[in-house]
1. Which condition does Gln155 not pass, out of (1) at pLDDT below 95; (2) open to solvent by 30 Å² or more (accessible area, probe 1.4 Å), if it passes all the others?
2. Can you say whether Asp150 is closer than 19 Å to Asn275 by Cβ and either at pLDDT below 95 or open to solvent by 50 Å² or more (accessible area, probe 1.4 Å) (or both), as far as the supplied structure shows?
3. Tell me yes or no: at least one residue of the stretch 192-212 is at pLDDT below 95 and open to solvent by 10 Å² or more (accessible area, probe 1.4 Å).
4. How about the stretch 171-182: which of its residues are more than 21 Å from the chain's Cα centre (by Cα) and open to solvent by less than 60 Å² (accessible area, probe 1.4 Å)?
5. Could you identify the single residue in Trp140, Trp167 that is closer than 30 Å to His57 by Cβ, in contact with a strand residue (DSSP E or B) (Cβ under 6 Å, 6 or more places away or on another chain) and in contact (Cβ under 8 Å) with a residue 40 or more places away in the chain?
6. Given the residues Met293, Met229, which is the only one that is within 14 Å of Tyr218 (Cβ to Cβ), among the aliphatic types (A, V, I, L, M) and either surrounded by 18 or more Cβ atoms within 10 Å (Cβ to Cβ) or modelled with pLDDT of 95 or more (or both)?
7. Where the second residue is in a helix (DSSP H, G or I) and open to solvent by 10 Å² or more (accessible area, probe 1.4 Å) and the first is hydrophobic (A, V, I, L, M, F, W, C) and lies in the stretch 257-284, which pairs have Cβ atoms under 6 Å and are six or more apart or on separate chains?
8. Looking only at the stretch 94-121, which residues are among the β-branched types (Val, Ile, Thr), out of contact with any strand residue (DSSP E or B) (no Cβ under 7 Å at 6 or more places or on another chain) and either open to solvent by 10 Å² or more (accessible area, probe 1.4 Å) or farther than 12 Å from Phe69 by Cβ (or both)?
Amino acid sequence: MKLSAAIVSIPLGLLAAAVSAATSFGPLVSPQDLSAQLGEVDPVILDIRGDDYAKGHLPGAISAPYGLFRGPKENPGQMLDAAVLEERFESLGLTMDKPVVIVPEGKTDTDFGAAARVYWTLKSSGFSDLSILNGGALAWESAGLELSTDPVVPQPSELEISFSDQWTADTDQVTAVTRGEVDALLLDARPDDFYQGRKSHAAAARPGTLPGAENHVYTSFFNEGSPAMSEISDPSSLREQLGIEDGEEVVSFCNTGHWAATNWFALSEVAGIENVKLYPGSMVEFSNTDHEMENTPGVVENFLNKLKGN
């Protein structure tokens, strides 16, 4: 039994052509390309940085802090109710017929996960013309492009969204995979210390990973020290590297669905691999169940790890 249909890989050139026909900028847009096309395309620009918005932002950008798309402190990756999302999207003036460009900070590669999580949330809510500004606001500034300190107050819109689970795996589905009841590749996006159980998120009940999970750290999609995602030149080699078999589901997870959103975005949106899902609650949610985990240290080892700051 599988969660969905077969995986297909597409050469990057063909993928880019297909995406450009369907979206204004493609899933990733450089500051230079965005700037050059702003005269022809009028996107909604969502600045997800929060307080830094007031210090200078892309002209016309709307402040949409990342927290609007996140769950509560005890489970930050938890999916928000569709009615809550609809209300928040309306307050931002979003409409289904306008392209949306998401702008993260761009200080480090982990900032990209915020943009990818927002992208996943919007796509699952029915938005189709979506892009992430690669390198974020700092890349825009570094390119010598104009910044504005004038706040933009959006005109509220009216929406009716229905959240699709096409790119979502929930705890019950993931549990079925760990028990061998469903065929899928579980892909842990976290650094090795988390995967090996030497570290854990503050809201996690236990350190460790999902039984049978493979580790593919989200940083593999970035050149060292760069906040901008690298080009994926050969999706077929990526599939082979990850051991993704024909017809196999891929479930990306981390601590709270943040780093995992980067892996989901790279595989699904950039490499064009179908049937890649995000487990939004990830290990914080899973560790607070009574389900079996892997790489979970004993009580003494866990205590020593915490003393060492792990």
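1. The number of the failed condition is (1).
2. No.
3. No, every residue in the stretch 192-212 fails to be at pLDDT below 95 and open to solvent by 10 Å² or more (accessible area, probe 1.4 Å).
4. Result: Thr175, Ala176, Val177, Thr178, Val182.
5. Trp167
6. On inspection, the qualifying residue turns out to be Met229.
7. Trp259/Tyr218; Ala266/Phe221; Ala271/Leu238; Val276/Ser268
8. Thr95, Thr108, Thr110, listed by residue number.
The values are calculated or read from the model by the stated rules, or taken from the named source; none is laboratory data. Not measured: the values here are computed from a predicted model. Cβ atoms come from the backbone with ideal geometry, glycine included; neighbour counts cover every protein chain shown. Note: accessible area is taken over every heavy atom of the protein model, side chains too, but ligands, DNA and RNA are not part of it. Shrake-Rupley method; radii C 1.70, N 1.55, O 1.52, S 1.80 Å.
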